[in-house]
Amino acid sequence: MKALRRLAYSTLGLAYALIVFGAIVRISGSGMGCGDHWPRCFGRWFPSLDQPTVVIEWTHRLIAAITVAMVALLVLVAFSKRGEPGVSGPRGVLRAALLAAALVVLQALLGMVTVRMGNTAWATVAHLLNGALLLAALAATVLRAGGLGGRIAVGSTAARTRAARGSAAAAAIALVTVLFGGLTAKIPGANTACQGFPLCRGSLLPALPAQHVQFTHRILAFLLFFHVLGLMIGFARRREAPAVLALVRVAFVLICLQLVIAAGMVEMHLPPAMRSLHEADGIAIWLTLFTLAWVSRFSNASAPGRAAT
């Protein structure tokens, strides 16, 4: 299982890099860097890398191809070890790896659709959503292999505890916030519609449609901040499992960092490096809260005498 867990970790890390690099493609305006050709770039597998947009888009496609190969390898290794405990069955590694394989294929197809549609806002957001779900499937693979705190599930049964419900809500809010961030970045004028932070041009009630998108993204971010703060305080009082406490604290630190990045990004008039960092941290928050939601379902097993509620 150790070798399988290491492979799952490596694949998750590569998929995270793929999603983050996808944001760099969008932020740098390189989405059509290879024209409307897919999967080749201007009709060639190895194009002339004489333009920055071509380099960025082609590199993104290269990382995507390596990610597909890694996910395929993960499935093959899991299948070869299906006789080992914890690999096959409803809660086994193999099923999570198969789900990741299906999602990585869909991600490639959505990438093609996005290019063919000229990188429209909704196609880009659909691509981002599937990428987030791919990360979740790979995180589940790691968890089922015993990584990221997944050992808490050994010999225990999942339960809908208060911790599990609150963590699931946090993960859902994080995902919607990430998607609104992608929408804000793609709708013309939305990313620059709200100068100043945290208010939108000093107003609590923005007037323009582009401002509504941007301000909704901010409202969701602050809702997530207060929700996770409440979870962290509640988990500490109830003495949740160490893995649960560690994850919620990491998530809260990442959210605080995200607010600082967002404020700096707006005040510095959206420099590309800050926008890329904002996207990377947002994806990390989603990944951490998904992991928390998964682990917290088994937290009752690590707290003797506390009944599931």
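Answer yes if at least one residue in segment 99-122 is at positive phi and modelled with pLDDT under 85, and no otherwise. Yes, segment 99-122 contains a residue that is at positive phi and modelled with pLDDT under 85. Screening the candidates Thr114, Thr67, Thr53 for the property of being crowded, with 21+ Cβ neighbours inside 10 Å and more than 21 Å from Gly147 (Cα to Cα) yields one hit, Thr114. When segment 260-309 is filtered for residues that are of a type in the set (D, E, K, R) and either over 22 Å from Cys194 (Cα atoms) or at pLDDT below 80 (or both), the ones remaining, listed by number, are Arg297, Arg306.
The values are calculated or read from the model by the stated rules, or taken from the named source; none is laboratory data. What you see is a predicted model, and the numbers here were worked out from it, not measured in a lab. For neighbour counting, all protein chains shown are included, and Cβ atoms are generated from backbone atoms with ideal geometry for every residue, glycine included.
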